[in-house]
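Read-outs: derived from the displayed coordinates by stated rules, not from any lab. Predicted model, so just to flag it, every value in this text is computed and none were measured. Here the Cβ positions follow ideal geometry from the backbone for every residue, glycine too, while neighbour counts run over all protein chains shown.
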Amino acid sequence: MSESRALFKTPRLAAFQVTRCQPLFVPQPKPHNVADWLKLAIKRTAQSFRLMVGVQDYQNYVRHMQVRHPDSTPMTEREFHRRCLEARFPSEGGKMGKCPC
């Protein structure tokens, strides 16, 4: 029995251990008045509609890069949107992708 358990044990490597935890998103302060609540609702509704039609959120990407990858520089907005379009509608030959029509 002990031999079979030893076969399935995986060695603990120092490279795969978690050294620090980071939040998935940066918490935003809650709005205090009606106008701020309305602005937040409009902003999130617009973001939802953009994601439904496939337009990625550049500000969310920049925030992610600041939190998760602070040592690297984020892409410019133009490069970011070009990368998203290329991922959705590949222009290279031989790749099957969705038609933008």
Checklist entry - Using θ = phi - 60° and the Karplus form 6.51 cos²θ - 1.76 cosθ + 1.60, what ³J(HN,Hα) does each residue of region 61-66 get, whole Hz, x for Gly and Pro? => result 4, 5, 4, 4, 5, 5
Checklist entry - How large is ³J(HN,Hα) for each residue in region 54-60, as worked out from phi by the Karplus curve 6.51 cos²θ - 1.76 cosθ + 1.60 (θ = phi - 60°), to whole Hz, x for Gly and Pro? => result x, 8, 6, 8, 5, 5, 5
Checklist outcome for this item: Here region 69-79 yields Karplus 3J(HN,Hα) values (6.51, -1.76, 1.60; θ = phi - 60°; whole Hz; Gly and Pro given as x) of 10, x, 7, 9, 8, x, 5, 6, 4, 5, 5
Checklist outcome for this item: Burial-style ranking of 73-85, 33-45, average other-beta-carbon count within 10 Å with highest first, yields 73-85, 33-45
